[in-house]
Amino acid sequence: MTVGDMQTGTGNPPDVLDGPFSTRQLLRIDEALRLADQGTGLVFSVYVGGLDEPIREHAERLHRQLAHPDRSVLIAVSPNQRQLEVVTGRHARKRIPDTYARLAALSMVAAFGGGDLAGGIINGLDQLASHAGRA
């Protein structure tokens, strides 16, 4: 769902507008996702919210629910828990090895620590897409 979409039948804006991001930040994240998808042929997703324990397993469950998990990359961020997970599918992992995912995660954590949640996600998406290269 994009920022401008309405929830079916409710007439209310989507819950995402009640989250930690301004409309401008959401548009920037949406653009970063679009560029990463188009530039790599992979499918990038971002989840921001609470993660159940164990954190990694919850992130992996979210990843498995994506439309194309084998070629998907999920960035799962829980600001309140101070947790970040990057989950790559089987095909995506061949192009973004764990080492590169960790480097992108370190960059995101540095931005998060400086109070820039949206910027950290956008930079992380850019780094992951750059490591993946063209399709």
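Selection of first residues in segment 95-109 that are farther than 15 Å from residue 119 by Cβ and of second residues that are open to solvent by 50 Å² or more (accessible area, probe 1.4 Å) and in a helix (DSSP H, G or I), restricted to Cβ pairs under 6 Å at least 6 apart or on distinct chains, gives the following pairs, ordered by first then second residue: 96/131; 100/131.
Scanning segment 89-108 for residues that are out of contact with any helix residue (DSSP H, G or I) (no Cβ under 6 Å at 6 or more places or on another chain), more than 12 Å from residue 75 (Cβ to Cβ) and part of a helix (DSSP H, G or I) returns 93, 94, 98, 99, 102, 103, 106.
Sort out which residues of segment 110-135 are out of contact with any helix residue (DSSP H, G or I) (no Cβ under 7 Å at 6 or more places or on another chain), part of a helix (DSSP H, G or I) and surrounded by 15 or more Cβ atoms within 10 Å (Cβ to Cβ), and write them in order of number.
Taking segment 110-135 as the starting set, the residues that turn out to be out of contact with any helix residue (DSSP H, G or I) (no Cβ under 7 Å at 6 or more places or on another chain) are 110, 113-117, 130.
From what is left, the residues that are part of a helix (DSSP H, G or I) are 110, 113, 117, 130.
Within segment 110-135, 117 is the sole residue that qualifies.
Whether a residue is at pLDDT below 95, open to solvent by 70 Å² or more (accessible area, probe 1.4 Å) and over 16 Å from residue 46 (Cα atoms) was assessed, and residue 90 does not pass this test. Here residue 67 passes the criteria (1) part of a helix (DSSP H, G or I); (2) over 14 Å from the mean Cα position of the chain (by Cα) except the one numbered (1).
Does residue 46 qualify as being of a type outside the set (S, T, N, Q), touching a strand residue (DSSP E or B) at 6+ places or on another chain (Cβ under 8 Å) and closer than 25 Å to residue 18 by Cβ? Criteria met by residue 46.
In segment 34-61, what count of residues is obtained for those that are open to solvent by 30 Å² or more (accessible area, probe 1.4 Å), in a helix (DSSP H, G or I) and not charged (D, E, K, R)? Let's see the steps before the verdict.
So the first thing to find is which residues in segment 34-61 are open to solvent by 30 Å² or more (accessible area, probe 1.4 Å), and the list is 34-35, 37-38, 41, 43, 46-48, 50, 52-54, 56-57, 60-61.
From the residues that got through so far, the ones that are in a helix (DSSP H, G or I) too are 34-35, 37-38, 56-57, 60-61.
Within this subset, residues satisfying the condition of being not charged (D, E, K, R) are 35, 38.
Final tally of qualifying residues: 2.
The one condition from (1) surrounded by 14 or more Cβ atoms within 10 Å (Cβ to Cβ); (2) modelled with pLDDT of 95 or more that residue 65 does not meet is (1).
The values are calculated or read from the model by the stated rules, or taken from the named source; none is laboratory data. Keep in mind the model is a prediction, meaning the values are calculated, not measured. Glycine also receives a Cβ, built like all others from the backbone with ideal geometry; neighbour counts cover every protein chain displayed. In case anyone asks, the SASA skips ligands and DNA or RNA and just uses the protein heavy atoms, side chains included. Shrake-Rupley method; radii C 1.70, N 1.55, O 1.52, S 1.80 Å.
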